[in-house]
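Read-outs: derived from the displayed coordinates by stated rules, not from any lab. Not measured: the values here are computed from a predicted model. Please note: Cβ atoms are built from the backbone with ideal geometry, for glycine as well, and neighbour counts cover all protein chains shown.
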Amino acid sequence: MSDFQTTNPIIKWIEYRLPVFSFLDHAVGSKYPTPKNLSYWWNFGSLAGLALVILMVTGIVLAMQYTAHVDYAFDSVERIMRDVNYGWLIRYLHMNGGSFFFIVVYIHIFRGMYYGSYKAPRELLWMLGVAILLAMMATAFMGYVLPWGQMSFWGAKVITSLFSAFPLIGEDIVIWLWGGFSVDNPTLNRFFSLHYLLPFVLVGIVVVHIWALHQFGSNNPLGIDTKGPQDSIPFHPYYTVKDLYGMAVFLVFFAAAVFFFPNAMGEADNYIEANPLVTPAHIVPEWYFLPFYAILRSITFDIWFLSAKLIGVILMFGSILVLLILPWLDRSPVRSSKFRPIHKQLFWVFVADCVVLGWVGANPAEPPYLYIGQAGTAYYFAHFFVILPLLSVLERTRPLPSSIGEPVLKGGGPAMGAASKPMEKA
Amino acid sequence: MKRIVAGVLSAALLTFSVQTQAAEGKALPDYTWEFDGIFGKFDRAAMQRGYQVYREVCAGCHAMRLVAFRNLADLGYDADQIKAFAAEATVIDGPNDEGEMFERAGRPADRFPSPFPNDKAAAAANGGATPPDLSLMAKARPHGPSYVRALLSEGYEDPPAGFEILEGQNYNSYFPGNRIAMAAPLDDDAVEYQDGTPASRDQMSADVTHFLMWAAEPKLEQRKQMGIKVVLFLIVLSGILYAVKRKVWADLH
């Protein structure tokens, strides 16, 4: 850690006692070599971090004005919207922040799938990412309950009731989750408590995720390892400035949604206060849960002693948990789809399948949506359990370049000298 | 392949938008609103007329418990006018020093008083159906403003042959399920507008919807005006950071 050079006496004094500057330098500075060929798809990790920070800051402020009680929750949110100074802004930032967090994280995940970022030696990095996805889903689900609108209440009721599908102890689990015999004040209180807690757990997993990332550094669009200093550039200033630029562009889209279409991604029904006696015509979760909701509802038949409901629940959770074993389902030694002609196409089919499932999830569980949802669910799991293992064996991959520098420098010799210069610092 | 996928996706999205409309009954007319769009603003005169319709017609049955008289300043009323509006209302306050609840004239800080003491009383007085609170109505339905206006101005029609309407129900082509408990509330000249605007049913429906949109989203103007500045700032910031990024990366290429 003593490789950090400075002439500033104050920084020296601090560095000697607490090597925070060399730590930063190794984490996001000149001592962290990063592949030089990362595309803008690699911006979405830092964007997810930014979204998380926005959500935590606005959430902490909202919690100062929010009342977690079934009689006051809805009105306290409306008080934030009407009477609290800039409360409408904070609340719309938080509300849309959730959606944008999922947008950037889903792009981040699909990027990892396209470029094979989950493959050795980054399996644990990928699995920690799945843990982050699960934690943010739980957080988002509980957060959506807090405004205590009709969708809040009925969404909570539908999703918590899923646990009743488990044999023998199902009903008891549901009562335990609710803290009573229906979704009521104890449920709201514990969801508020956990909604505040889980983001901090999330930050903990993110730290370990980044720790694992630093062990081997980022994957890259070519999916080949860096062969030497000529293939990488220091994170700072190259990727710090690129990430900052990406953040500004992200904020343009985010601000446009917050200021001009703040309710476009929400459900109108959630502006009706929760009423346990009136069931909405269509109970739909937030858009980011729709594909999984479609998978849940696609099972309408019992298999042997397993009820349709239980199979649906298992498949819904399974559709996310399957990502944990993705590194072992796809055994192809080639990471990037650039050199996997068939995987490249089937990746886009898989993306389309997820979108179709989302569309099915937004519609009632009846024909023709039901059948499309069943086909979509079958394809979703087939992609993981049939297509990827088969491709690992059957696909004829294209030859890989010998190094990252090779295709970049195809233009000619003189660039070599210029490109290798900053590497000497690294 | 990408083109096929893109085709499937856009087809799916198109069907999605068609489907959401179909689920809500008849497709809504394509109204235009002054508060739509990124430069959208409320029309003060329309809101004042809408408030008159609300006060003289809607408020007889519908509560609006989230809006206070002081908020009427947004409609362009001055302090004296707001005091006068508030004073027309009777508010239950207390308990006083004797421990009794008492009635007093409304003050600007009071919320709009509800016409019924509770939902049960409201249902009992309205044939078993509770008139919903209107504070958030314009946001609480898909395509809220257009839905409310269409329901009030064009929705009440003769039911198609064979469509059964029970006692206490009315046919409305825009209401989900088409059976609505509320009888057509707005006939031509149901109110006499103070600004002399002819009070046609469509005019009143448009005006009261304008007022309801303000009630549901009172910070809409502030939000959009701030949004233009914020987005412009961020676009410029993005441009500057892009230039910085190019400059920093220049020695690599």
Among the lysines, select those whose C-alpha is under 24 Å from the C-alpha of B:K26, and discard any that sit fewer than 8 residues away in the same chain. B:K139
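Using Cα pairs closer than 8 Å and at least 6 residues apart in sequence, work out the relative contact order for chain B, in percent.
Across chain B, relative contact order equals 24 percent.
How crowded by other chains is A:351-361, given as the mean number of beta carbons from other chains within 10 Å of each beta carbon?
Numbers: counts 2, 7, 2, 0, 6, 4, 0, 2, 7, 2, 0.
Shielding by partners across A:351-361 averages 3.
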If you fit an axis through the alpha-carbon atoms of helix A:87-114 and take the longest principal axis of the Cα set of chain A, what angle between them do you get, 0 to 90°, nearest 10? 60
Which of A:L400, B:I38, B:F211 sits farthest toward the positive end of the charge dipole of the protein assembly as shown, with +1 on the Cβ of Lys and Arg and -1 on the Cβ of Asp and Glu? A:L400
Go through A:331-342, A:133-144 and give me the packing order, highest mean Cβ count within 10 Å leading. A:133-144, A:331-342
Tell me the relative contact order for chain A as a rounded percent, counting alpha carbon contacts under 8 Å between residues six or more apart. 23
Treat every Asp and Glu Cβ in chain A as -1 and every Lys and Arg Cβ as +1, leave all other atoms uncharged, and give the resulting dipole magnitude about the Cα centre to the nearest 20 debye. 1600
So if I place +1 on the C-beta of Lys and Arg and -1 on the C-beta of Asp and Glu, and nothing else carries charge, what would the dipole magnitude of region A:36-277 be about its Cα centre? I want it in debye, nearest 20. 840
Kindly provide the helix-only [θ] at 222 nm of chain B, computed as the sum of -39,500 (n - 2.57) over DSSP H runs of four or more divided by all residues, to the nearest 500 deg cm²/dmol? -14000 deg cm²/dmol
Tell me which residues come under 5 Å, amide H to amide H, from B:A68 once H is placed; ignore anything under 5 positions away on its chain. B:F112
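In nm, what is the difference between 0.36 nm times the number of residues separating A:F23 and A:R398 and their Cα-Cα distance?
Details: separation 375, 0.36 × 375 = 135.00 nm, distance 3.98 nm.
Full extension from A:F23 to A:R398 adds 131.0 nm.
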Find the centroid of the Cα atoms in region A:281-324 and in region A:175-228, then give the distance between the two in whole Å. 21
So for chain A, if I pair up every lysine 8 or more residues apart or on another chain, how many of those pairs have alpha-carbons under 22 Å apart? 25
So what's the angle, to the nearest 10 degrees on a 0 to 90 scale, between helix B:220-249 and the longest Cα principal axis of chain B? 10
Just name one of A:I54, A:F100, A:S22: the one whose Cα is farthest towards the positive end of the charge dipole of region A:1-107 (beta-carbon charges, Lys/Arg +1, Asp/Glu -1). A:S22
